[in-house]
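The values are calculated or read from the model by the stated rules, or taken from the named source; none is laboratory data. These numbers come from a predicted model, not from an experiment. Note: ideal-geometry Cβ built from the backbone for every residue, glycine included; neighbour counts use all protein chains shown.
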């Protein structure tokens, strides 16, 4: 019996319009009532899951920042964090001044983004950022300067390549200069930066350990490259039909697409 369902959001649980069908909500509630822990596993922060928690009010935990943290909503605290040291984050923010990117940095679940002193986000980030999380951005004329005032480690950095910029070149430049960091991407418009070794798979293992649940009793759903570590770690790996070719190489099962309720259909089959 699988006791943990770790599930990516965008392209996996969420349909392309960022919603969850009523049938999927009901099915996840059913298996939650059976004792299965539903663990959303996302690059977003715990503060950016308001809509998800409204849809699935029984959720207690969330694996966030691509594995950089696990948050317990019931106790209102992180039960696991693996952050970028403050000084390292400052160095990265200085380095990206030379790159064609719009930078954001996440501190305690809040995003500081390129913008102005009136907390207005720059037009480019507003255009490419997921609409549902714009409330969690705070604009800053100088992101590095605003971050420096916080004197806290960074949970992650999210970089938006500008118009015409080559995402892969940006990622390679960061990897060359910061080998101690994990540089990944879950889409063509984003570059995500975490401390080395942070990924969804490691966080899932830590979570299962904290819950005293064997990792073999977990199941993971994903669709993209940043889900691969989680797919490899879980007892069963399921990739959406709309998933990338690289992600599908790591699947035990290919299920229906995110727009066709693939997670729900597999849950009905697995937890009869």
Within the stretch 225-245, considering residues that are without any contact (Cβ under 8 Å) to a residue 24 or more places away in the chain and in a loop (DSSP other than H, G, I, E, B), the one farthest from the chain's Cα centre (by Cα): 241
Among the residues of the stretch 73-88, are any over 21 Å from residue 137 (Cα atoms) and assigned to a helix (DSSP H, G or I)? yes
Does at least one position in the stretch 152-161 carry a residue that is in a helix (DSSP H, G or I) and at pLDDT 90 or above? no
Where the second residue is surrounded by fewer than 20 Cβ atoms within 10 Å (Cβ to Cβ) and at pLDDT 95 or above and the first is part of a strand (DSSP E or B) and lies in the stretch 246-270, which pairs have Cβ atoms under 8 Å and are six or more apart or on separate chains? 253/236; 254/241; 254/248; 255/241; 255/265
Can you report the number of residues in the stretch 165-189 which are surrounded by fewer than 19 Cβ atoms within 10 Å (Cβ to Cβ) and touching a residue at least 12 places away in the same chain (Cβ under 8 Å)? 11
Within the stretch 207-224, can you find the residues that are touching a helix residue (DSSP H, G or I) at 6+ places or on another chain (Cβ under 7 Å), assigned to a helix (DSSP H, G or I) and buried (at least 17 other Cβ atoms within 10 Å of the Cβ)? 208
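From the list 61, 102, 78, exactly one residue is modelled with pLDDT of 95 or more and surrounded by fewer than 19 Cβ atoms within 10 Å (Cβ to Cβ). Which is it?
On inspection, the qualifying residue turns out to be 78.
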